[in-house]
Amino acid sequence: MKNTSNEEIYFTPKQAAAYFNLSLSTVKNYIYAGKLKTLKTPGGHHRIPKAELLITLSDKIKSKEELHNLSLKDDLCASMLTIFKALGSLGNSLIIHAQEVAELSSNIARAMGMDEVDIKRIEIAAQLHDIGQIGVDKSILLKPDRLTFQEYELIKNHPRIGKEVISSMKALKDTAEIIAQHHERVDGKGYPVGLRGDEIQIGARIISIAEAYNSMVSTYSYKRPVSKDMAIDELIRHKGTQFDGEIIKLALELVG
Ligand SMILES: [Fe+2]
């Protein structure tokens, strides 16, 4: 790094790579592609003005940071599920369900053209969507018979509990509201708040469809699964009432 008389700071490619925590080849590729303008020394070496570096590489740095954040989120999410599973707070079937719902939810989000950061946010929210069940008595969650009114009211607390748990973690905080809303319905008859249509975050509208479909067809649950066609019919039947009609169309293309 060199300071000239007019105070402009110049970097060698190696210094630029170290300064921005990038590989030397990344910086060189930018130079060779003409994306990074340099000055040449009399000896033919590239010198990059710092201002030029900041302008050209800021996007690159941003995406690098974002990718790093995404892998941190993944790690934290996996750790939480492992801990709760080890404590016996979440059953194996719920973990499998969460993974399958996450896969379908992220596929729907990708089909909607979302960027990787939003897709990952929805995928993680899907993996953790029922984490609030740690606050609901197991005998109620696993009750094979019809639930009483009071029992159902207790189950309905799980989106709020999930939001509370996840809000306490900075890295996952942006998924908390999606988790809170995964049982809302577009007709406003869902819980816990009764939000309608677009008031419900798009991630929550996606997860509610993926969740319903997976619950119907999954073979690991204690409930008897229904066929793929029956599950699709059921989703269509609740289009525009329980589920977002536009998202249903995409989801059906993916599972059909
Ligand atoms: Fe749920």
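The values are calculated or read from the model by the stated rules, or taken from the named source; none is laboratory data. Predicted model, so just to flag it, every value in this text is computed and none were measured. As a convention, Cβ positions derive from the backbone with ideal geometry for all residues, glycine included, and neighbour counts pool all protein chains shown.
Taking R196 as the residue in question, decide whether it is modelled with pLDDT under 95 and away from the ligand (no atom under 14 Å from the Cβ). Break it down stepwise before answering.
Values: modelled with pLDDT under 95: no; away from the ligand (no atom under 14 Å from the Cβ): yes.
No, not satisfied.
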Original post:
Which one is farthest from the ligand (Cβ to nearest atom), of the residues in the range 103-139 that are of a type in the set (K, R) and buried (at least 18 other Cβ atoms within 10 Å of the Cβ)?
Top reply: K120
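Is it the case that I161 is closer than 20 Å to G91 by Cα, surrounded by fewer than 22 Cβ atoms within 10 Å (Cβ to Cβ) and of a type in the set (A, V, I, L, M, F, W, C)?
Details: closer than 20 Å to G91 by Cα: yes; surrounded by fewer than 22 Cβ atoms within 10 Å (Cβ to Cβ): yes; of a type in the set (A, V, I, L, M, F, W, C): yes.
It is true that I161 is closer than 20 Å to G91 by Cα, surrounded by fewer than 22 Cβ atoms within 10 Å (Cβ to Cβ) and of a type in the set (A, V, I, L, M, F, W, C).
Return the residue satisfying two criteria in turn: it lies in the range 1-30 and is closer than 24 Å to H68 by Cβ and aliphatic (A, V, I, L, M), and of such residues it is modelled with the highest pLDDT. Steps first, please.
First, pick out the residues of the range 1-30 that are closer than 24 Å to H68 by Cβ: 11, 13-30.
This time we only want the ones that are aliphatic (A, V, I, L, M), so: 16-18, 22, 24, 27.
Numbers: A16: 86, A17: 83, A18: 82, L22: 75, L24: 83, V27: 82.
Step by step, filter the range 1-30, then rank; the result is A16.
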Subject >> Residues that are among the β-branched types (V, I, T) and within 14 Å of the ligand (Cβ to nearest atom), drawn from the range 140-174 >> reply: I140, I155, I161, V165, I166
**OP:** May I ask you to list pairs of residues, at least six apart or on different chains, whose Cβ atoms are under 8 Å apart, with the first in the range 170-186 being closer than 20 Å to G245 by Cα and the second being of a type in the set (S, T, Y) and buried (at least 20 other Cβ atoms within 10 Å of the Cβ)?
**Re:** H182/S208; H183/S208; E184/S208; R185/S208
